[in-house]
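Asks: Dumping the structure here so I can ask a few things about it.
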Amino acid sequence: MLKKLSMLFLVLTLAACASAGKPIDKTHMDEITNGVQTKTQIRQWFGEPYTVKTGLTGHPSGCVERWTYEYAKARGFGNVTYSEVLVIDFDAGEKVCDHAYSKTGNP
């Protein structure tokens with residue numbers, strides 16, 4: 001009986017799925033325009049960012065703050081099977097000054 005329980009636990013562990021962050025809503029993805037949207041608009045569209053970095057220096061477009069939205073799914077022993085990242089940079093006037101989106105794998 002103990003062997004069967006140990007085997008079941010091992011199978012469940014190997015089949016387990018974990019995630020970090022939350023899926024990125026792509027409804028407004030194509031509407032992001034440098035110099036147009038504000039932090040308020042981006043927050044309405046995508047919610048709270050996963051991370052915020054202030055005090056950016058040396059950005060070619062003069063951006064001073066970076067919001068990052070991240071989502072990743074992993075199976076088994078931490079093998080990432082899907083990830084997506086949306087990075088939005090803001091200027092001193094709190095408008096989008098740069099942005100990028102990337103994904104790998106299949107959801």
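The values are calculated or read from the model by the stated rules, or taken from the named source; none is laboratory data. None of the values given here were measured: they were computed from a predicted structure. Cβ coordinates were reconstructed from backbone atoms using ideal geometry, including for glycine residues, and neighbour counts include every protein chain displayed. Only protein heavy atoms, including side chains, enter the accessible area calculation; ligands, DNA and RNA are left aside. Shrake-Rupley method; radii C 1.70, N 1.55, O 1.52, S 1.80 Å.
Asks: What tally of residues in region 88-98 results from selecting those that are open to solvent by 70 Å² or more (accessible area, probe 1.4 Å) and in contact (Cβ under 8 Å) with a residue 60 or more places away in the chain?
Replies: Number of matching residues: 1.
Each row is one residue, and each column tells you yes or no for (1) surrounded by fewer than 17 Cβ atoms within 10 Å (Cβ to Cβ); (2) assigned to a loop (DSSP other than H, G, I, E, B); (3) on the phi > 0 side of the Ramachandran plot.
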{"site": "T33", "(1), (2), (3)": "yes, yes, no"}
{"site": "Q41", "(1), (2), (3)": "yes, no, no"}
{"site": "E48", "(1), (2), (3)": "yes, yes, no"}
{"site": "V52", "(1), (2), (3)": "yes, no, no"}
{"site": "S61", "(1), (2), (3)": "yes, yes, no"}
{"site": "K73", "(1), (2), (3)": "no, no, no"}
{"site": "S83", "(1), (2), (3)": "no, no, no"}
{"site": "L86", "(1), (2), (3)": "no, no, no"}
{"site": "S102", "(1), (2), (3)": "yes, no, no"}
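Asks: Oh, and also: In the set V85, V80, which member is modelled with pLDDT under 95 and either over 20 Å from V36 (Cα atoms) or among the polar types (S, T, N, Q) (or both)?
Replies: Answer to the check: V80.
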